[in-house]
Amino acid sequence: MYRIFGTIFIVIINLIMQSTLAHYMAIGGITMNIIIIMVVSFAMLRGKIEGAIIGFSIGILMDIFFGDVIGYFALLYMYIGFFCGYIDKNLYKDNIMIPIMVITAADLVLNLSIYMFSYMLKGKTGFFEYFLTISLPETVYTCFGAVFLYKLYQLVNSVIEDLDRNREEKA
């Protein structure tokens, strides 16, 4: 029960942070992608099914509030959450480098997908300009932010799981 409500709360807080606070932390007009850090972190901590559900949930909310088409971000984030959830929990318990590398790769995949579907379909073909001025700086910024946020999400996830475990023991 705590797991569901805690996750819903985290998704809403991250959506608000991405749409408001992230712009205040922008460096040269480039913002950190807090959403991708959250989706990948929880996918790696909870597995592929919950990663896909969290990715779809945050994606559909982004589509509703900020998108032109319903389902675009939902599909992207759902796939990212699903595939990042394949990482075995035992593989990275003590090593933060693996989640950081997975978050970085997921952000690159997301940016390239956005370029392919948003820019190329509108006739914009300046891939290298997009990659060097938008995608690569955002990925680097997200990578640095992931070092801190991943640990925070790991702590929040363990607290939620402890609360759920204690609730089940009492029942």
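The table below lists the values:
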{"item": "Those residues of region 129-157 which are surrounded by fewer than 18 Cβ atoms within 10 Å (Cβ to Cβ) and either outside any helix (DSSP H, G or I) or more than 20 Å from the chain's Cα centre (by Cα) (or both), in sequence order", "result": "129, 132, 133"}
{"item": "Pick from region 1-45, criterion part of a loop (DSSP other than H, G, I, E, B) and over 17 Å from residue 81 (Cα atoms), ranking: nearest to the chain's Cα centre (by Cα)", "result": "32"}
{"item": "Among residues of region 47-78, those that are under 15 Å from residue 103 (Cβ atoms), of a type outside the set (Val, Ile, Thr) and touching a residue at least 40 places away in the same chain (Cβ under 8 Å), counted", "result": "1"}
{"item": "Verdict on residue 75 being more than 21 Å from residue 160 (Cα to Cα) and either modelled with pLDDT under 90 or in contact with a His (Cβ under 8 Å, 6 or more places away or on another chain) (or both)", "result": "no"}
{"item": "Candidates 114, 160, filtered to the one that is assigned to a helix (DSSP H, G or I) and at pLDDT below 85", "result": "114"}
{"item": "Count of region 113-159 residues which are touching a helix residue (DSSP H, G or I) at 6+ places or on another chain (Cβ under 9 Å), of a type in the set (S, T, N, Q) and more than 22 Å from residue 72 (Cα to Cα)", "result": "3"}
{"item": "Residue in region 115-128 that is under 12 Å from the mean Cα position of the chain (by Cα) and among the polar types (S, T, N, Q) present", "result": "no"}
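The values are calculated or read from the model by the stated rules, or taken from the named source; none is laboratory data. Owing to the predicted nature of the structure, the values given are computational and were not obtained by experimental measurement. Glycine also receives a Cβ, built like all others from the backbone with ideal geometry; neighbour counts cover every protein chain displayed.
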